[in-house]
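The values are calculated or read from the model by the stated rules, or taken from the named source; none is laboratory data. Since we're looking at a predicted model, the values are computed, not measured. Methodologically, a virtual Cβ is constructed for each residue, glycine included, from the backbone with ideal geometry; neighbour enumeration extends over all protein chains shown. Quick note on the areas: whole protein, heavy atoms, side chains included, nothing else; ligands and nucleic acids left out. Shrake-Rupley method; radii C 1.70, N 1.55, O 1.52, S 1.80 Å.
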Amino acid sequence: MRPTRRRRATAAIAAAVLLASLASGAATARPQPAGVTGSWIVRLVSGADSRSAAPGLARGVGGQVGHTYQLALNGFQFKGSEAAADALRHNPKVAAVTPDYPVFLTETLPYGVKRIDGYRTGTPGGAYQNGYRGATARIAIVDTGIDLDHPDLAASIDLASGKNCVNTSLPPNDGHGHGTHVSGSAAAPLNGVGVVGVAAEATLVPVKIFDDAGNSSEALVLCGLEHVIGFNTDADPANDVDVVSMSFGEARAWGDCLTDPLHEAICRASATGMVLVGGAGNSAVDAGTFVPAAFPEVISVSALADFDGNPGGLAGCGLVPDLGWFECDDTLAFFSNFGASVDVMAPGVAVHSTWKDGGYSTISGTSMATPHVSGVAALMKAVNPALTTADVRAMLQQSGECPNGAFADADGTPGCAGQGLWTDDPDGLAEPLVNALNAARAADGWVPPPPPAP
């Protein structure tokens, strides 16, 4: 039996079990490497001294010595042509000459991206392996900005489309870390560096509405929305924003599109065709007052605890370092808001991703769940740009995973009603866990519904 919320508080104090690993699995996809051009590794026979023998051996065939080795092996790096390398092979002092194979950085596959089948090896593989990579989609990260020089993200950032609402004279660089973290989960490319995101070939548009201490206000949020709406209402479809990722919010009463300024801006943004995704909040209360996620025009996301990238809750329980709290695999995160306004769920506990200053960090929150859904929405918009937020929401709910392990449409009815409940979810409503591959496939074959009868 898994610990209840109340018993977890006691267990957190006494727990000696830490999560052994927060992210694992190589996600590199590279062909068998050929040798580095003109570079070879020469191993000498026993008794030959590499330091004294290497210069003469290299000169004798018209090449040069690179590095010389005595401890790692008895030999040297030879720089020369293939014919010269072949000539070295016939020298009695040489035991072997092999190509100088290139070595690549391995890329971490975060558990969250694996859990929702954004990237997964084997059969049938993940969305990436099946060709859904978000190559034409543009995701606006409305947040603390993005580390514009991050080696894992820089090539995916459209800086020319960025905006700094905090200081309009500066670029939207992230001195906080939060915006860089969500960016990596949404769209870190498969580039041999760091992590891979859900929509690995999507473009990131940085919109900074928080200062580096994490402060913002509705006026700054409106500035960010004003900026992205401008792209979708100008005469250039090439700069349109497909998805807006909003890992922020506030708890308050709210009005409709005519009486509430923030809601009005969200309504106007939605009307341009962009998909709006927001975190449901981290107060373990009903999410119905947490805006903008609670607005009907926004896809609201709760957080799942997942520690192995696989269904079934097999990774057990442990103390989550950044939370100082005891969590169990495949349960609703203890901090996550819940309720009827929540549309879908995504991994949001101990999420490993990019961070400011070229770094990486592992943190938790519905803020971390949100970009997983934003990435899936980007995959969907890339294959079907006509999708609206309502369309994307419906497909995510129909194609997502239910607590019983089956997909939401497996019983022929929308959603997860009758297909179990997530452990620790107090509302009796099981929101589906998004599945990137299923959702992208659904979008790929989607046909717009007929117009309503007059």
Pairs with Cβ under 8 Å, 6+ apart, first in the range 96-109 and under 22 Å from Gly66 (Cα atoms), second at pLDDT 70 or above and of a type in the set (D, E, K, R): Ala96/Arg43; Ala96/Arg89; Val97/Arg43; Val97/Asp86; Val97/Arg89; Thr98/Arg43
So Asn164, is it open to solvent by less than 20 Å² (accessible area, probe 1.4 Å) and within 30 Å of Cys223 (Cα to Cα): yes
Helices (runs of 4 or more DSSP H) within the range 174-290 that include 2 or more residues among the hydroxyl-bearing types (Ser, Thr, Tyr) and at pLDDT 95 or above: 178-187
Scan of the range 432-454 for residues that are out of contact with any Ser or Thr (no Cβ under 6 Å at 6 or more places or on another chain), buried (at least 21 other Cβ atoms within 10 Å of the Cβ) and either assigned to a loop (DSSP other than H, G, I, E, B) or modelled with pLDDT under 95 (or both), ordered by number: Pro432, Val434
Count of residues meeting criterion [open to solvent by 30 Å² or more (accessible area, probe 1.4 Å) and either under 26 Å from Ala382 (Cβ atoms) or assigned to a helix (DSSP H, G or I) (or both)] in the range 291-310: 2
Single unsatisfied condition, Arg8 versus (1) over 30 Å from Ala186 (Cα atoms); (2) modelled with pLDDT under 90; (3) out of contact with any Pro (no Cβ under 7 Å at 6 or more places or on another chain); (4) surrounded by fewer than 18 Cβ atoms within 10 Å (Cβ to Cβ): (4)
Some residue of the range 198-207 being among the aliphatic types (A, V, I, L, M) and either out of contact with any strand residue (DSSP E or B) (no Cβ under 8 Å at 6 or more places or on another chain) or on the phi > 0 side of the Ramachandran plot (or both): yes
Subset of the range 350-366 (residues that are over 14 Å from Ala284 (Cα atoms) and not charged (D, E, K, R)): Ala350, Val351, His352, Ser353, Thr354, Trp355, Gly358, Gly359, Tyr360, Ser361, Thr362, Ile363
Flag if Val103 is among the aliphatic types (A, V, I, L, M), out of contact with any His (no Cβ under 9 Å at 6 or more places or on another chain) and at pLDDT below 90: yes
Spans of strands (runs of 3 or more DSSP E) in the range 84-155 with at least 3 residues within 21 Å of the chain's Cα centre (by Cα): 108-110, 138-143
